[in-house]
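Contents: one structure, followed by commentary.
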Amino acid sequence: MFITKNKKLPENFLWGASTSAYQVEGANLTHGKGPSVQDVKTVPEGTSELDVCADFYHHYKEDIALMAEMGFKTFRFSIAWTRILPKGSGEINQEGIDFYSDVIDECLKYNIEPLVTMFHFDLPYELEKKGAWTRRESIDEFVNFAKILFENYGDRVKYWLTINEQNVLTLSGDVIGTCNLEGVSNKYKKLYQDNHHMLLAQAKVMKLCHEMIPGAKIGPAPNISLVYPASCKPKDILAAQNFNAIRNWLYLDMAVWGRYNNLVWKFLEEHDAIPDIEEGDMDIMAQGHPDFIGFNYYSTATVEWDEANTEAASGDQQGGSCEPGVYKSFSNPNLLRSEFGWEIDPDGFRATVREMYSRYHLPMLVTENGLGAYDKLTEDGKIHDDYRIDYLRKHIEQIKLAVSEGVDMMGYCPWSAIDLISTHEGIVKRYGFIYVNRDEFDLKDMARYKKDSFYWYKKVIETNGEDLS
Ligand code: BG6
């Protein structure tokens with residue numbers, strides 16, 4: 001539809017950007033913090049360890065001041081579970097509690113709403129050793145962690161996100177360093193049992209949040225990419241529906257409606273992977289009501305029917321996956337790609353938003369969106385990242401159109417506020433508005449520089465999205 005009658009973005013639109021603890025903080029095994037799975041994994045060859053990252057732990061005041069200068073209304077960051085509970089449960093690390101308390105206060109000093117993710121890919125290693133999410137106990141461990149967060153920060157934090165990209169944890173855990181399949185005979189059974197426990201934990205935490213913090217808002221944060229069929233062949237449509245169910249709707253149907261998607265259920269049945277469900281589980285699921293849908297969007301996905309029963313492949317967050325006889329990844333010839341091979345699809349962003357809104361009718365908050373690129377610091381201290389501005393502009397345009405079409409959009413938090421370490425491609429894959437002067441292995445002076453996108457985003461926020469030039 002051509003749109004000529006545009007609506008403005010709401011006055012209280014939450015402009016901001018995102019980070020995650022293990023990718024930005026550094027100080028990963030100091031100040032009382034215990035190891036997470038990210039701290040013990042073997043990092044991909046040629047990429048940095050996660051011990052320093054952007055050193056946000058020591059630079060947070062300077063970094064939040066820069067976010068305030070851009071005019072942020074919100075800042076999405078995650079809390080490292082092992083900074084609060086070094087072993088995942090048991091003894092609390094007061095220094096960790098104080099650190100996030102200071103970060104929250106620093107945000108509030110500038111009227112920036114803290115938007116807190118409780119769990120972003122960094123399961124405590126001590127819990128991993130015990131069997132991670134496969135154990136029933138993991139549900140209470142997460143609820144206990146959440147309770148500590150609500151007790152300590154509930155007076156100041158109004159917006160909460162439960163689990164970052166639970167679908168990526170299930171589908172691409174081997175790429176992001178969260179999946180341990182040692183000794184596992186049926187990977188589907190394990191992954192979807194873990195998933196069932198995470199879904200229960202999430203539902204309980206959403207309920208707890210509403211009980212403990214009146215007025216607080218909480219939602220999930222999956223990575224949602226609408227799946228296109230590779231052609232108009234009916235079988236390709238079926239394949240796209242399969243992957244849409246497995247990749248997207250399982251997570252949101254469960255978070256919002258508390259029920260398993262029937263296509264996913266069938267897929268699990270075929271793999272002898274129906275999770276063990278205890279009496280009362282589905283009641284718990286039905287009681288966890290999100291106030292909004294937080295979601296990360298980088299690109300759409302395209303699949304075709306898998307005639308040849310191709311071998312299964314997990315791919316990374318945005319592509320390359322295949323399930324024999326279910327769907328097969330297809331490279332979309334209509335889309336450009338980033339320097340790191342991810343497809344770029346702003347129209348698909350709106351298509352994804354439309355589809356989600358028509359299914360769930362909840363307010364929506366973009367919790368990630370952005371372009372990873374090889375930025376260059378010039379001799380005069382500039383970073384000319386016009387390619388990033390172009391990417392963000394085109395996506396914000398689509399948000400405005402979606403709002404004109406009647407979608408309730410709460411805000412936009414691209415990835416990332418500041419350069420940080422990518423999940424598997426190092427710091428050279430930069431996403432930030434703020435450049436951090438370090439290389440993959442040379443830490444240099446860690447100085448912060450404002451990229452061209454910094455000044456552009458400041459103007460976008462100042463005009464509430466009216467001036468995108
Ligand atoms: C999302 C994650 O999958 O994408 C982030 O929530 C991640 O943690 C971001 O950094 C970009 O992915 P990558 O692999 O380029 O770091």
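Any idea how far apart LYS8 and GLU311 come out in nm if each label point goes 7 Å out from Cα toward Cβ?
5.8
Give the Rg (one decimal place) followed by the Dmax (whole number) of the chain, computed from C-alpha coordinates and expressed in Å.
Looking at the chain, its Cα Rg and Dmax stand at 21.0, 65 Å.
Quote the convex hull volume per residue of the stretch 340-409, based on C-alpha atoms, as a whole number of Å³.
96
Taking N as the number of residues in the stretch 1-54, what is its Cα Rg relative to 2.2 N^0.38 Å?
Here the Cα radius of gyration is 1.98 times the empirical estimate.
Tell me, what does the Kirkwood hydrodynamic radius of the stretch 2-141 come to in angstroms if you use every pair of distinct C-alpha atoms?
Roughly 16.6 Å, rounded to one decimal.
If each DSSP helix of 4+ residues adds -39,500 (n - 2.57) and the sum is divided by the residues in the chain, what number results at 222 nm, nearest 500 deg cm²/dmol?
It comes out at -11500 deg cm²/dmol, rounded to the nearest 500.
With a 1.4 Å probe and every protein chain left in place, work out the accessible area per residue of the stretch 1-135 in Å², rounded to a whole number.
With all protein chains present, the stretch 1-135 gives 40 Å² per residue.
If the cut-off is a Cα-Cα distance under 17 Å, which aspartates and glutamates reach LYS400, setting aside same-chain residues fewer than 8 apart in sequence?
Within the straight-line cut-off, LYS400 pairs with GLU11, ASP345, ASP347, GLU355, GLU368, ASP390, ASP408, GLU462, GLU466, ASP467.
Under the 0.36 nm per residue contour assumption, what length would be gained going from the current alpha-carbon distance of LYS130 and GLU339 to full extension?
71.3 nm
I want to check a number: in the stretch 216-374, how many lysine pairs have alpha carbons closer than 21 Å, given a sequence separation of 8 or more or different chains?
4
Determine, for the stretch 1-136, the count of lysine pairs separated by eight or more sequence positions (or lying on different chains) whose alpha-carbon distance falls under 30 Å.
For the stretch 1-136, qualifying lysine pairs total 21.
Quick one: Cα centre-to-centre distance for the stretch 1-52 and the stretch 212-252, in angstrom?
22
What nm distance separates the two modelled labels at TYR110 and LYS394, each placed 7 Å from Cα along Cα→Cβ?
Label-label distance for TYR110 and LYS394, simple model: 2.9 nm.
Before anything else, pin down the relative contact order of the chain: Cα pairs under 8 Å, at least 6 apart, normalised by residue count, whole percent.
Taking the mean separation of contacting Cα pairs over the length of the chain, I get 18 percent.
The values are calculated or read from the model by the stated rules, or taken from the named source; none is laboratory data. Just so it is clear, the model here is predicted, and its values are computed rather than measured. Every residue, glycine among them, receives a Cβ derived from its backbone with ideal geometry; neighbour counts consider all protein chains shown. Keep in mind that these areas ignore ligands, DNA and RNA; they rest on the heavy atoms of the full protein, side chains included. Shrake-Rupley method; radii C 1.70, N 1.55, O 1.52, S 1.80 Å.
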